[in-house]
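Throughout, read-outs are computed from the coordinates displayed, never taken from laboratory work. Computed from a predicted model, the values in this text were never measured in an experiment. So basically every Cβ, Gly included, is an ideal-geometry build from the backbone, and we count neighbours across all protein chains shown.
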Amino acid sequence: MHDTAHAHVGQHAAPTSFIRKHVFSLDHKVIGKQYYGLALAAVLIGMFLSWLMRLHLGWTNLAIPGLHLLTKNGAPGDVMTPEFYLQLMTMHATIMVFFVLTTAPFAAFGNYFLPIQVGAEDMPFPHFNMMSFWVTLVAFLVLMSSFFVSDGPTLGGWTQYAPLSAVGQVGGPGEGAGVVLWALSIAIFCVGQLLGSLNFITTTLDMRTRGMSLWRLPLSAWGWFITSVMGLTAFAVLMPACILLILDHVAGTSFFVPANTVINDQMQPHSGGSTLLWQHLFWFFGHPEVYIAIVPGMGIVSHVLITNMRKPMLSHRVLVYAMGALAVLSYMVYGHHMFVSGMNPVSSLVFSFPTLVITIPSTIVVLIWMGSLYGAKLRINSASLFALGFISMFIAGGVSGFFLAQPSIDIMLHATYFVVGHFHLVMGVAAMFGIFAGTYFWFPKMYGRMMNETLGKIHFWCSFVGAYAIFMPFHYLGLAGNVRRYQAFAPEYMQHLIPLHKFITIAALFTGAAQLIFVYNLFVSRYKGEPARDNPWQGTSLEWSTPTTPPPHNNFGDKLPVVYHDPFQYGVESSTGDYVMQTSPEKAGPDDEA
Amino acid sequence: MATTVHEPPKIESQRDPSQSHGGFNGGGQGLVPGKGNLPAVKHYSPPPASTGIWVVLASITMTFAAFTSALIVRQGSALDWRHLTLPNILYVNTLVLFASSFALEMARRRIRVIAGGLKADSGDPSRWLYTALSLGLLFVVGQYIAWAQLRAQGLYLATNPNSSFFYVLTAVHAVHVLGGLGGLLRVIRKMSNSTLRKSTLDATAYYWHFMDGLWVYLLVLLWVKL
């Protein structure tokens, strides 16, 4: 430990007022919790919307009591219209991708734990950090406000393909004000993420404490750092795309609408725009976004596994390099989302090749996890179970990516439920499992209480079985030709698929209900959970070295920690047991650099 | 058995929080004196601001790269691309923006001289800062005049794709310039109450000079493409 008597960048006095402490807080820990709260609210809304969609898909003319409360014209007699189904689908996807999968694993956990794991008092630009959360909240509110405009939210899907997204009201319900609010929300969201990335990058590069070299960072910190670099470049591209989309709406420009476009028998007053331009700009963000959602989860899961395996990964460095390779390659593969857009077949091959190459670092990551687990005496708890579940989902969802990476196969499977099953497993559920693993693992440090393990394990098994029950059949549906984004399955060849849709709906209701166990566990444990010790999992990284649990305002009290080890000194003999903490000057073994 | 106690590993001095100059993540040192009445500034900048400015510039670069690719794709997507003569005032504005950067650089040099205690009568740097600020404002006004001239010719945002890109690119650049003016105001305020860090001044200067480079790039792009 050493003095922190000098002033620090990012240092700020402990708040005294309620507003500064809990609302407009500069403390990265409070901001992390605020992000988590936002993600929790968002995921419950997103899940509720998916329930409504699934009910409609299983029983098309089902009247869902109270549905009319969500829409002015979309549910006559509480029966969902096709347009309202698409609106719910768009909102479900947008909420989940942006406000859950990006917000929780990256912004929430990263905010709370990155500064602590590097040994800093806070992030270097706390005001920007505070702004990043509030800007993100405003983005969420703007998005949700589209439920309250006359024709409701946009129905264009989270990809908002032009020209329908750019022509206004004539494109359908929600394609007027709904799209403008969507694009405005996402543009604002981008600002929040850019501010967050600025803090994450500078925290990692410049705020590390004495002895904390880059290679001594835990894998979770590496995950957040790599993600922040991706976020910096990806969101900086999505924001201009949204600006151009808004201008096509409100200023009558023609960036994305071609000449002579006729929609609903009306000639559109635009000239010469490019629909593909939107797709290029969107997917240049969109594919890295997949990794923005999953790489933090990879880091979290690695961190959780190491702690519970009581041994290091087969190769810490290769794992980091593989995550970095995923980040770099993610920018080179985006065209595989556009195989059927009419692009030159040579271009398809150009994008197909790196798409297949990106499976190499993905496979390396998985092999390192599997190889490290081999022979390990894994502690089975809720966090480690969800970490294992993450790996399972990542593999199951990743395997289908091999098929979709090849243009000749993708042409057949494009826009079918096969794709929906693929990305829900590899991006959605896997990332959610990463969030759950992180929650069960770090909750004791965040709130000073343990979560209920029994409820956690019930939650895991219900989620694990439920997720497969929902999304594995999607692959079959896709292979059978079931097109996605259809609100009903009228053609004859789809009739025999409807019982499977009903099964999926029941599985979705069951799995969703199981998440309420988690929410219950979260809130009850917050107030009535067993008090947590400072280091309940016998971890080695710096978050387990704080003087109190939860950590004090400046994380480490009067002294910043000094780091002597890498964070995976497990399975050694030391005075504390089978591990040596990063802050301990004890030499862990002959190979220890301390 | 793990019992050996070792010294912590050697690390770069700038990251060593126990160093007396204020630590790896900033500190009371590195402060730039207000009107030369503070002790000499150390030639050491807290890294977060120095790193952070490059992160910001990388982000802005990506944004304008996206706009550029949009412009190139849009130009090739249809035959509605028409030649547009850029208003002459843009060239004057370019000189104004460069002059603003020059003024900021002069202020920086004077601050460095004062901070180093080399020359007591090198002049008040805040005068140069106000000059930079005024010229920056003048640039924004000049851009507005350029827009007004186009409008007078009947070239609006949606008139044709050329005018669309002209307005979008110049407006987004102007918004970034306004952000830089906010940064200059912050420097002036911190200068007056003697809390200005060298890293803050440097970061603001890098940003402001980057605005010059970005504007020249946009001007060439618009001139070539429009």
**FRET efficiency, residue A:409 to residue A:524 (Cβ-Cβ, R0 45 Å, nearest 0.05)** = 0.40
**Complete:** Between the modelled labels at residue A:315 and residue A:485 (7 Å from Cα along Cα→Cβ) the distance in nm is 4.1 nm
**Complete:** Computed on Cα atoms only, the convex hull of chain A has an orientation-averaged projected area in nm² of 26.8 nm²
**Prompt:** Most exposed first by the Cβ proxy, i.e. fewest other Cβ within 10 Å, how do B:202, A:27, A:410, A:578 rank?
**Reply:** A:578, B:202, A:410, A:27
**Prompt:** Given R₀ = 22 Å, FRET efficiency for residue B:91-residue A:250 by Cβ-Cβ distance, to 0.05?
**Reply:** 0.10
**Asked** Mind checking which helices in chain A clear 20 Å along their axis (Cα) and have mean Kyte-Doolittle hydropathy of 0.0 or more, DSSP H runs only?
**Response** A:28-58, A:126-145, A:177-206, A:219-250, A:275-309, A:316-330, A:359-373, A:382-404, A:430-447, A:453-479, A:498-528
**Per-pair calculated FRET efficiency, R0 = 22 Å: residue A:78 and residue A:145 via Cβ, rounded to 0.05** = 0.40
**Request:** Note the full-extension length gain between residue B:109 and residue B:80 as 0.36 nm times their separation in residues minus their Cα-Cα distance, in nm to one decimal.
**Result:** 5.5 nm
**Options A:460, A:169, A:235, ranked by Cα towards positive dipole end of chain A, top entry (Cβ charges)** = A:460
**Prompt:** Do you know the relative contact order of chain A, to the nearest whole percent, from alpha carbon pairs under 8 angstrom that are 6+ apart?
**Reply:** 16 percent
**Fill in**
Too long for a 29 Å Cα-Cα cut-off, among A:33/A:502; A:457/A:559; A:377/A:457, are A:33/A:502; A:457/A:559
**Prompt:** Can you sort A:558, B:212 by how many other beta carbons sit within 10 Å, fewest first?
**Reply:** A:558, B:212
**Request:** Calculate for the protein assembly as shown the 222 nm mean residue ellipticity that helices alone would give, adding -39,500 (n - 2.57) per DSSP H run of length 4 or more and normalising by residue count, nearest 500 deg cm²/dmol.
**Result:** -20000 deg cm²/dmol
**Selection from A:397, A:87, A:443 lying farthest towards where the dipole of chain A points positive, charges on Cβ** = A:443
**Complete:** In debye to the nearest 20, the charge dipole size for the protein assembly as shown, taken about the Cα centre with +1 at each Lys and Arg Cβ and -1 at each Asp and Glu Cβ, equals 1180 debye
**Asked** Which semi-axis lengths, in whole Å and largest first, follow from the square roots of five times the eigenvalues of the Cα gyration tensor of the stretch A:114-269?
**Response** 41, 15, 11
**Prompt:** Using the 10 angstrom Cβ neighbour count as an exposure proxy, how do A:20, B:82 rank, fewest first?
**Reply:** B:82, A:20
**Asked** If you stretched the chain out fully between residue A:23 and residue A:214, how much longer would it get, using 0.36 nm times the residue separation minus the C-alpha to C-alpha distance?
**Response** 65.5 nm
**Request:** Report the equivalent ellipsoid semi-axes for the stretch A:538-589 in whole Å, largest first, defined as the square roots of five times the eigenvalues of the gyration tensor built from alpha carbon atoms.
**Result:** 22, 11, 8
**Request:** Pairs of Cα atoms under 8 Å, at least six residues apart: use those to get the relative contact order of the stretch B:87-225, whole percent.
**Result:** 29 percent
**Tail beyond 20 Å, pair distance distribution of the stretch B:87-225 (Cα, percent)** = 48 percent
**Prompt:** Counting Lys and Arg as +1 and Asp and Glu as -1, what is the net charge of the other residues whose Cβ lies under 15 Å from the Cβ of residue A:22?
**Reply:** +4
**Message:** Tell me which of B:116, A:275, A:366 sits at the most positive position along the dipole axis of the protein assembly as shown, charges placed on C-beta atoms (Lys, Arg +1; Asp, Glu -1).
**Reply:** B:116
